[in-house]
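The values are calculated or read from the model by the stated rules, or taken from the named source; none is laboratory data. Everything quoted here is computed from the prediction, not taken from an experiment. Cβ sites come from the backbone with ideal geometry, for glycine too, and all protein chains shown count toward neighbours. Just the protein is used for accessible areas: all its heavy atoms, side chains included, with ligands, DNA and RNA removed. Shrake-Rupley method; radii C 1.70, N 1.55, O 1.52, S 1.80 Å.
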Amino acid sequence: MATSGPGDFIPLCEPTLAGNEWAYIKDCLDTNWVSSVGAYVDRFENMVAEAAGARHAVAVVNGTAALHLALQVAGVGADDEVLTSTLTFIATANAIRYTGAVPVLVDAESDTWQMDMGLVEAFLRDGCDRAADGAVVNRRSGRRVSAIVPVHIHGFPVDMDRLMALAAEFGLVVVEDATEALGARFHGRALGSFGRLGCYSFNGNKQITTGGGGMIVTDDPDLARRARHLSTQAKAEAQEYIHDDLGYNYRLTNIQAAMGCAQMEKLDAFTAAKRRIAATYSAAFAGYAGLTPQASLPGAEGNMWLYALRVDPSAAGVTARGLIAALREVGIQARPVWQPMHLSPVHAASPVLGGAVAARLFDEIISLPCSVSLTEVQQARVIAVVDRVLKDKAPQPVVAG
Ligand SMILES: *Cc1c(COP(=O)(O)O)cnc(C)c1O
């Protein structure tokens, strides 16, 4: 492999495969254990369960499938409503829709970018009624509100103190979208372990990767058993091809799990590298009025999966998209945040609580390169380009005299 030069392309977030990946995958090939049963699947599940502080883990083909299955075994069904962030990757809202439920899209807080719990509380207290059986019913739509899916954006926590208290009071099932949050903590507890079920993703750009993969974690043995059963076509009797439910082919393969085991061995090192990169960026950008990194709550230990800033165009003299274009010109990949779900043609028909903050964040957020493998020289190059663009464009102070 060529060593990187000063003008080389710097990707946003690429995997680091420098551990036992080759050895473990070769072991699968050598032994013929390549498919959806094998020792690495079990080992990978145990490693993720331990990292999450959860009793059970079920490996599946990707994070989207994890969310779909978790919602289904949590009892979310057709014509339920499920609260979630409007500012999220589309997989969260899609998974809710796969169950037949309708997402209720909650606006973001302007500093943490997480689901605005004030809006959630106002909706539950003032916008819903209690049915005779205790169910919480959206007064406008007449549908039962059965669950809440907090999305820990960029590996920072949603306010789970407030969320868990509201979920308990209103009888909502909590399914965490912790797909970006493996290795992150809140009050010392792993994100993904607060809810009835939590979901992780091992897509290529996530904190660890299996190429594609996902995991459901839970303390409930029945939910884990049911998720595992449904992930393997609900096969009741292996020999006779007898199935007792409408299942899915969602199980992770042993090859992918082998890669996952090697990646899990590096999780702490990856997270430490990401934190170092984030600290370097934040120190470098501290003096710029127009740049604000994502804020986190007291008690949060983010995994710093993706480093992102908010660009205030009036103070910075450049928009987030302008800065992204300037970086692209010199071979540096930067990206905006996701289009909020209430603005997506796919989910625009869903109920939305607020939405203006997320729409503005969509205009103003930029993610910068933060691969574990990012070198100091590469990071200095990114910082220098941002510095140059802001110095060129920012309004100059008026010098007296
Ligand atoms: C990555 C991601 C997912 C889905 O994970 P896949 O493994 O890509 O299916 C879901 N929600 C969020 C917020 C994500 O970032």
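Among the numbered criteria (1) part of a helix (DSSP H, G or I); (2) open to solvent by 60 Å² or more (accessible area, probe 1.4 Å); (3) in contact with a helix residue (DSSP H, G or I) (Cβ under 7 Å, 6 or more places away or on another chain), which single criterion is violated by ASP222?
(3)
If ASP245 meets every condition in (1) crowded, with 23+ Cβ neighbours inside 10 Å; (2) over 21 Å from the mean Cα position of the chain (by Cα); (3) part of a loop (DSSP other than H, G, I, E, B) apart from one, which number is that one?
Answer for ASP245: the failing condition is (1).
Give region 326-364 a look and list any residue that's touching a strand residue (DSSP E or B) at 6+ places or on another chain (Cβ under 7 Å) and aliphatic (A, V, I, L, M), or say none.
Within region 326-364, ILE332, ALA334, VAL337, MET341, VAL352, LEU353, VAL357, ALA358, LEU361 meet the criteria.
In region 305-326, which residue that is buried (at least 23 other Cβ atoms within 10 Å of the Cβ) and in contact with a Pro (Cβ under 9 Å, 6 or more places away or on another chain) is nearest to ASN203 (Cα to Cα)?
Step by step, filter region 305-326, then rank; the result is TYR307.
Quick check on my filter: what residues within region 161-200 are open to solvent by 10 Å² or more (accessible area, probe 1.4 Å), within 15 Å of the ligand (Cβ to nearest atom) and among the hydroxyl-bearing types (Ser, Thr, Tyr)?
THR179
In this structure, does GLN256 turn out to be buried (at least 21 other Cβ atoms within 10 Å of the Cβ), of a type in the set (S, T, N, Q), closer than 27 Å to LEU306 by Cβ and out of contact with any Phe, Trp or Tyr (no Cβ under 6 Å at 6 or more places or on another chain)?
Spelling it out, GLN256 is indeed buried (at least 21 other Cβ atoms within 10 Å of the Cβ), of a type in the set (S, T, N, Q), closer than 27 Å to LEU306 by Cβ and out of contact with any Phe, Trp or Tyr (no Cβ under 6 Å at 6 or more places or on another chain).
Is it the case, given these coordinates, that VAL158 is part of a strand (DSSP E or B) and more than 10 Å from the ligand (Cβ to nearest atom)?
The answer is no for VAL158.
Are any of the residues in region 38-47 modelled with pLDDT under 95 and part of a loop (DSSP other than H, G, I, E, B)?
The answer is yes; a qualifying residue exists.
Take the residues in region 65-99 that are open to solvent by 40 Å² or more (accessible area, probe 1.4 Å) and closer than 24 Å to ALA358 by Cβ; name whichever of them is nearest to the ligand (Cβ to nearest atom).
My answer is PHE89.
Here are some conditions: (1) buried (at least 16 other Cβ atoms within 10 Å of the Cβ); (2) without any contact (Cβ under 8 Å) to a residue 24 or more places away in the chain. ASN32 meets all but one. Which one does it not meet?
Only one criterion is unmet by ASN32, namely (1).
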